[in-house]
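Computed from the coordinates by the stated procedures, all read-outs in this text should not be read as laboratory data. Everything quoted here is computed from the prediction, not taken from an experiment. For neighbour counting, all protein chains shown are included, and Cβ atoms are generated from backbone atoms with ideal geometry for every residue, glycine included.
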Number of protein chains: 2
Amino acid sequence: MSQERGITPRAENFSEWYNDVIMRAELADYSPVRGCMVIRPRGYGIWELMQRALDEMFKETGHENAYFPLFIPQSFLAKEAQHVEGFSPETAVVTQGGGKELEEPLVVRPTSETIIYSLYAKWIQSYRDLPLLLNQWANIVRWEMRTRLFLRTTEFLWQEGHTAHATDREAEEETRLILGIYRRFMEEWMAMPVITGLKTESEKFAGAVRTYACEALMQDNRALQAGTSHHLGQNFAKAFEVQYQTAEGELEHVWNTSWGVSTRLVGGLIMSHSDDTGLVCPPRLAPTQVVIVPIWKSDEQRSSVMGVAGQIERELRASGVRVRLDARDGLKPGAKYYEWEGKGVPVRMEIGPRDVADQQAMVARRSGGKAPVKLADLVSAMPRVFAEIQSALFAAATERQEENTVRSVTKQQLIDLMEGPGGFAFGGYCGGERCEIEVKDRTKATVRVLPDPEFRSEPAPAACVWCGEPAVTEAVWAKAY
Amino acid sequence: MSQERGITPRAENFSEWYNDVIMRAELADYSPVRGCMVIRPRGYGIWELMQRALDEMFKETGHENAYFPLFIPQSFLAKEAQHVEGFSPETAVVTQGGGKELEEPLVVRPTSETIIYSLYAKWIQSYRDLPLLLNQWANIVRWEMRTRLFLRTTEFLWQEGHTAHATDREAEEETRLILGIYRRFMEEWMAMPVITGLKTESEKFAGAVRTYACEALMQDNRALQAGTSHHLGQNFAKAFEVQYQTAEGELEHVWNTSWGVSTRLVGGLIMSHSDDTGLVCPPRLAPTQVVIVPIWKSDEQRSSVMGVAGQIERELRASGVRVRLDARDGLKPGAKYYEWEGKGVPVRMEIGPRDVADQQAMVARRSGGKAPVKLADLVSAMPRVFAEIQSALFAAATERQEENTVRSVTKQQLIDLMEGPGGFAFGGYCGGERCEIEVKDRTKATVRVLPDPEFRSEPAPAACVWCGEPAVTEAVWAKAY
């Protein structure tokens, strides 16, 4: 099985390393269905923790969950011109139902703007019905040509928020609010630093006025678009006639936003922290935070060690720690260490006869470091240990990102960087589509974002990296997933 | 909007009443897609609470969540003969992907045995890999001819557990364990009494050896199949070659179970407790458990009333109560009462100037009864109030079920009952398919279950209700949803 196979080192082949980590940690598997993956319990456990954290943030900011149909009439997609152009090539289409050919084919949702706004038109009558702040957790299908576990699969899981507002300004605030929630989640939960900013016209969502995104740098120095928040303006409101009566009695179209993150985040988490031994998972998102490995030789030792180990397990669980006691017979402690390291459990507690005598356990951190802790202090020590691991992972990822970020690149530097090690390249940008295309053709790098103020260089770059004309903005280039 | 429309009384037209309750409570809505519904936030909130409770029970008994593909190759369905016969007529089929005709059409999962067991064949090698206890929360598509909100929709949400075991006995124990969990959930959370038992051959799941079910009696005296737990024997293990090596080194097929409950449960909850005023929801599954309605005339009154109401809201929320303060201007208290009654909020707290003076609030229960409670006692009183409402609803539903259950029916009584008021009819059954068909043809009633021992009559009926031959078992007949 997968445990027996070695993991390809990152330096040798990053893409194979990525797949090997997933197999070793049993996060996911390939399925007999083209481009669709199976999310195994250890991978789904991470997703469940991600869902819980995000769902709480959405609810705290006034959003409610709902559920809309999987199928969308083909004619709906066509109502917003850019939208249909963007999504039509990727759709899976149901043409038969109940043994009969359908009169109108149904598209399996590639995103739900059209079906949702057709209902908003029914629900929204007056300014009193606004804002309408809904989210749904759902599966999505996009017919991708090249798929990779978690990063790009034909079917994936996500959440999609869809809101309606009375004014442009409120919709813009919502778009930014969500971008901030995404960033906070990625930094504080995933320990994954991101750059936020605006997408260029060519990279924005099909049908949006503006798209904001969080971009993270993976260990292979390629960027991952980790979450997007779209200001849709009145595009969909006009296509689906979503109107409301103002307090003054006039009829106006609403302003919409939509935003989403997906199981792709699990891929981002893997590629941010893991090493050649396997998965490294931040404690806040680890389905198992602590594994206890008892060590014994004689039956007598076993009895006393297991007594202490069981006691610790109960106490940790009672204190809210996600803990597992690995009491399997016939497997040596070293084999257990190897397995749980591969599976990314943040903390391992080793308890042998000498530890019992000394009233302590050896606490080993997956991301490095090992020290004895008195049994009496174990429960109270854990929150601090988790917090330290969590912030060390974030600090390491931030340092790595900074080391692989070049500011004020010249044209030649941009070319060399993208032909060489990759990374984030900050530089001036004239805003022209032609430069964007030429950079992409030459270097395979794309504009990831026009960075938000806090990420911008000082002083602002004066000239476009590519054409040398005056820069209208700064841009961040990278090769991307 | 829906709030303005009256609710058809149950006695007049139960089916219209059901739809009216859903619209008034804003639980769901029709969608532009044939047979698919939209679950609105107040309906989805109930489903979320159901999910949380069930998910916890599954995890406490060792099950883990995973996620399998939405699409199933058409050839997979065909591998188990009964299974394909049962599900083929109901499938939605994807024939185009990414703009091209697919070589093999993909079925949108009507249930996931085939795709899941194809992966179990890969994951299960030895007895050490058993039992494998997985569950998934997913959407399902069955092309239904006649659909009804929550009860029967083309797409619905559910959980489906799929387990693999080393022995027949273990699989049987699992099947029964889950049936018990379902029953406990329906009784303790939904306040909905059920009869459990075995399905007849003609009513069992397509591909199962045995199907157990929970059957509940709705207010119109029709039965609702609320959950099923299937012992699949080795049928799927043989079709998909799921084999394991025993401790003795021999190769055996595993024994599977599968089990599920769906958003249909929301329909069952509605039809168990609601009345002609709207939804009645047990407190444990109510997205809003308490609504506070402040009452004032003058601005001065408003200020003091709102101060107290806000304070109560904060205290209740801090104690874990799902509470909402309805501070809307321009809406009279009576209109608010009407709205929240329709939406099924279990407890309403009215606070006016006199209540503030008396340091109390009027506590009105949706299911009947109203009494003042001192402000200082409100928080501590709520758990008791909720528990009383919960058990009163269960007692009332149990009483209703008993009143509409006839034991030891004769043939003529069965006919009269099913042509008249409906209900559960217990009687002897010869076990023959012919009697089953004749009863159905004559009365439209089907055998809901062969009841588990605790539901059986004493003494056991001696003869078959229909043919008069010796009874081999007792059966429960009812007209069903």
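Based on the convex hull around the alpha carbon atoms, the stretch A:327-467 presents an average projected area of 13.1 nm².
Label sites at A:E252 and A:R354, each approximated as a point 7 angstrom past Cα along Cα to Cβ, lie 7.4 nm apart.
Using only the C-alpha atoms, the convex hull of the stretch A:2-273 corresponds to 137 Å³ per residue. A simple spin-label model places pseudo-atoms 7 Å from Cα toward Cβ; at B:R442 and B:A327 they are separated by 6.6 nm.
The overall shape of the stretch A:84-231 is oblate: from the C-alpha gyration tensor, with semi-axes ordered a ≥ b ≥ c, the ratio a/c is 1.5 or greater and a/b is no larger than b/c. Taking amide H atoms as placed 1.01 Å from N in the peptide plane, the amide H of A:A480 lies under 5 Å from those of A:A223, A:T446, each 5 or more residues away in sequence or on another chain. Calculated from the alpha-carbon coordinates, chain B shows an Rg and a Dmax of 25.2, 84 Å respectively. Rounded to the nearest 0.05, the FRET efficiency derived from the C-beta distance between A:E458 and B:R314 at R0 = 56 Å is 0.80.
Note on the stretch B:162-252: Kirkwood hydrodynamic radius from all Cα pairs is 14.6 Å, rounded to one decimal.
Using the rule -39500 (n - 2.57) for each DSSP H run of four or more residues, divided by the residues of chain B, the 222 nm mean residue ellipticity is -11000 deg cm²/dmol.
Every Cα-Cα pair in the stretch B:58-109 was counted, and those over 17 Å apart are 49% of them.
The residues neighbouring B:G420, those whose beta-carbon lies less than 15 Å from its own, together hold a net charge of +1 under the Lys/Arg +1, Asp/Glu -1 convention. If you take every residue apart from A:D329 with its C-beta less than 14 Å away from the C-beta of A:D329, what net charge results, scoring Lys and Arg +1 and Asp and Glu -1? With Lys, Arg at +1 and Asp, Glu at -1, the net is +4. A straight chain from B:V472 to B:S75 at 0.36 nm per residue would run longer than the Cα-Cα distance by 139.0 nm. Annotation: the antiparallel percentage among DSSP beta bridges lying fully within chain A is about 85.
By the Cα gyration tensor, the stretch B:405-478 has an equivalent ellipsoid whose semi-axes, rounded to whole angstrom, run 17, 14, 11 from largest to smallest. Computed on the Cα trace of the stretch A:209-273, the radius of gyration divided by the Kirkwood hydrodynamic radius gives Rg/Rh = 1.25.
Filter A:K122/B:K444; B:K297/B:K374; B:K100/B:K204; B:K122/B:K440; A:K59/A:K238; A:K59/A:K336 down to the pairs with a C-alpha to C-alpha distance above 32 Å, please. Cα-Cα > 32 Å for A:K122/B:K444; B:K100/B:K204; B:K122/B:K440; A:K59/A:K336; rest within. Charged neighbours of A:D452, selected by a Cβ distance under 15 Å, balance to 0 (K, R count +1; D, E count -1). Taking every Cα-Cα distance in the stretch A:265-329 and sorting them into 10 Å bins from zero, the calculated P(r) comes out as 19, 37, 28, 14, 2 percent.
With Rh defined as the Kirkwood radius, the inverse of the mean 1/r over Cα pairs, the Rg/Rh of the protein assembly as shown is 0.98. For B:N135, the residues whose amide H sits under 5 Å from its own are B:E64, B:N65, B:A66, B:H162, ignoring neighbours fewer than 5 places away on the same chain, with H placed 1.01 Å from N. For the residues of A:38-47, the average number of beta carbons from a partner chain within 10 Å of their own beta carbon is 5. By the count of neighbouring beta-carbon atoms within 10 Å, fewest first, A:D299, B:D358, A:D326 end up ordered A:D299, B:D358, A:D326. The GluC sites (Glu not before Pro) found in the stretch B:184-255 that occupy coil by DSSP, while having at most 13 further C-beta atoms within 10 Å, are B:E201, B:E241, B:E248, B:E250. Annotation note: GluC sites (Glu not before Pro) in the stretch B:1-55 located in DSSP loop regions with a Cβ neighbour count of at most 14 within 10 Å are B:E12.
Per the Kirkwood formula applied to alpha carbons, the stretch A:290-381 shows a radius of gyration over Rh ratio, Rg over Rh, of 0.93.
Legend: mean number of C-beta atoms from other chains within 10 angstrom of residue C-beta atoms, peptide A:87-96, equals 6.
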